[in-house]
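Chemist: One structure is given below, represented as structure tokens, and several questions about it will come after.
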Amino acid sequence: MKICVYGAGAIGGLMAAWLARSGNEVSVVARGAQLDAIRRSGLRVRSNGAMESFAVKADGDPRQFGPQDCVLVTVKAQSLTDVAESIAPLLGPDTTVVTAMNGVPWWFFDRLRFGDGRERLESLDPGGKLTRAMPTERIVGCVIHLAASTPEPGLISHNMGRKLILGEPGGKNTARTKRIADALKEAGFEIIVTGAIEKEFWVKLLGNVSFNPVSALTVSTADRLIQDRQVKDYMINIMREVLAIGRAVGVDADIDPEARIDMARALGKFKTSMLQDLEAGKPLEIDGLLAGTLEIARKAGVKAPYTESLFGLIKARAQATGQYR
């Protein structure tokens, strides 16, 4: 397949490297020091103690690559507007767009019975710019269950996990899902294809909405948050609210908060992506996790005071260091 990965950070870089290793024609849209390092030394991946380097085409301008079979969008939510403004040259008539990201996707309501598909998440897709640039008909959702980081430009550290869950909005998977699932499986990922991708996003969201902001506020690894009874109880209350929000719009994560805590506990001592971004001085992925979730709560008439307070606290923390706009 001809595949472009838009965003060559930890997750995107790992996907690009392994897809290239398995024989696909891979390009990456990257910028700054990451782009310079990839051009100079390729994409370097450290996994299970071994280091490999992969030569991939890299540029900051998508026009250099032309139409693709598949575009993997792996940027943080705050960068999606930039993607919408420049993705067009990568899209042919049959190009698949895979959204591999944390939080609520902008297309979340498009195939739900709630609102008869007419609802839109203004906090994530103001004015519908993302929907126009990447229509739902092209979309395959991807929920990420692995951990990776970028210790230095051009270097991806694969820390644990290989699981990716794929599915099209509304659950009617087509040949486009099978094709990208096969490519990712051949690349070395553990692939699950689901008919309920919205539910899988919501299961992941329970952890993202709680662990990510709390870890950034406390500058703590996940294991320390779980060990502190008061902090753990606070996060469980947030998870209960998020569960109620999902159920109100017909998306039941069907998982007990304690079981969701156990999923994080199994990963051991790890830094959430928001804590990594905080320490690196990067913008924090606040709206994609919290603003979108709370907008859904308002539309569904669900009160979420714990989640609202967390939203206010993490915004204030990030604004103090210029990491939220």
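The values are calculated or read from the model by the stated rules, or taken from the named source; none is laboratory data. Please read these numbers as outputs of a predicted model, since none were measured by experiment. Positions of Cβ are backbone-derived with ideal geometry, glycine not excepted, and every protein chain shown enters the neighbour counts. Heavy atoms of the whole protein, side chains included, go into the accessibility calculation; ligands, DNA and RNA do not. Shrake-Rupley method; radii C 1.70, N 1.55, O 1.52, S 1.80 Å.
Chemist: Which residue out of Val75, Val29 is within 17 Å of the chain's Cα centre (by Cα) and open to solvent by 10 Å² or more (accessible area, probe 1.4 Å)?
Modeler: Just one listed residue meets the conditions, Val75.
Chemist: Any idea which of (1) under 23 Å from Glu190 (Cβ atoms); (2) touching a residue at least 24 places away in the same chain (Cβ under 8 Å); (3) open to solvent by 30 Å² or more (accessible area, probe 1.4 Å) is the one Arg40 doesn't satisfy?
Modeler: Condition (1) is where Arg40 drops out.
Chemist: Here's another thing I want to ask about it. Among what's in region 133-181 and is closer than 16 Å to Lys204 by Cα and β-branched (Val, Ile, Thr), pick the residue that is farthest from the chain's Cα centre (by Cα).
Modeler: Only one residue tops the list, namely Ile165.
Chemist: While we're here: Looking for something part of a helix (DSSP H, G or I), open to solvent by less than 40 Å² (accessible area, probe 1.4 Å), out of contact with any Phe, Trp or Tyr (no Cβ under 7 Å at 6 or more places or on another chain) and touching a residue at least 12 places away in the same chain (Cβ under 8 Å) - is there at least one such residue anywhere in region 83-95?
Modeler: yes
Chemist: Among the residues of region 8-24, are any farther than 20 Å from Gly161 by Cα and either among the hydrophobic types (A, V, I, L, M, F, W, C) or in contact with a strand residue (DSSP E or B) (Cβ under 6 Å, 6 or more places away or on another chain) (or both)?
Modeler: Yes, the conditions are met somewhere in region 8-24.
Chemist: Now, a different point. Restricting to region 215-227, name every residue that is under 21 Å from Gly312 (Cβ atoms) and either open to solvent by 10 Å² or more (accessible area, probe 1.4 Å) or not in a helix (DSSP H, G or I) (or both).
Modeler: Result: Leu217, Thr218, Val219, Ser220.
Chemist: Continuing with this model, one more query. Which ones in region 271-285 are open to solvent by less than 70 Å² (accessible area, probe 1.4 Å) and under 18 Å from the mean Cα position of the chain (by Cα)?
Modeler: Residues satisfying the conditions are Thr272, Ser273, Met274, Leu275, Gln276, Asp277, Leu278, Pro283, Leu284, Glu285.
Chemist: Regarding region 256-267, can at least one residue be identified that is among the aliphatic types (A, V, I, L, M) and in contact with an Asp or Glu (Cβ under 7 Å, 6 or more places away or on another chain)?
Modeler: No: region 256-267 contains no residue that is among the aliphatic types (A, V, I, L, M) and in contact with an Asp or Glu (Cβ under 7 Å, 6 or more places away or on another chain).
Chemist: Run down Glu152, Glu190, Glu186, Glu168 and say which single residue is modelled with pLDDT under 95, open to solvent by 10 Å² or more (accessible area, probe 1.4 Å) and of a type in the set (Asp, Glu).
Modeler: The conditions single out Glu152.
Chemist: Only one of (1) of a type in the set (D, E, K, R); (2) within 26 Å of Ser79 (Cα to Cα); (3) in contact with a helix residue (DSSP H, G or I) (Cβ under 9 Å, 6 or more places away or on another chain) fails for Arg265. Which number is that?
Modeler: Every condition holds for Arg265 apart from (2).
Chemist: Looking at Leu121, Leu184, Leu130 in this structure, which one is over 15 Å from the mean Cα position of the chain (by Cα) and either of a type in the set (S, T, N, Q) or in a loop (DSSP other than H, G, I, E, B) (or both)?
Modeler: Result of the check over Leu121, Leu184, Leu130: Leu121.
Chemist: Out of curiosity, is Lys76 basic (Lys, Arg) and either over 23 Å from Leu289 (Cβ atoms) or in contact with a Ser or Thr (Cβ under 7 Å, 6 or more places away or on another chain) (or both)?
Modeler: no
Chemist: Only one of these is over 27 Å from Ile197 (Cβ atoms), outside any loop (DSSP other than H, G, I, E, B) and open to solvent by less than 60 Å² (accessible area, probe 1.4 Å): Gly246, Gly312, Gly288, Gly268. Name it.
Modeler: None of the others qualify; the one that does is Gly312.
Chemist: Let me ask another. Residues of region 106-148 being under 30 Å from Glu52 (Cβ atoms) and either surrounded by fewer than 21 Cβ atoms within 10 Å (Cβ to Cβ) or of a type in the set (Val, Ile, Thr) (or both), which ones?
Modeler: Val140, Val143, Ile144, His145, Leu146, Ala147, listed by residue number.
Chemist: Here are Arg179, Arg260, Arg240: which of them is open to solvent by 10 Å² or more (accessible area, probe 1.4 Å), at pLDDT below 95, assigned to a helix (DSSP H, G or I) and farther than 17 Å from Trp107 by Cα?
Modeler: Just one listed residue meets the conditions, Arg260.
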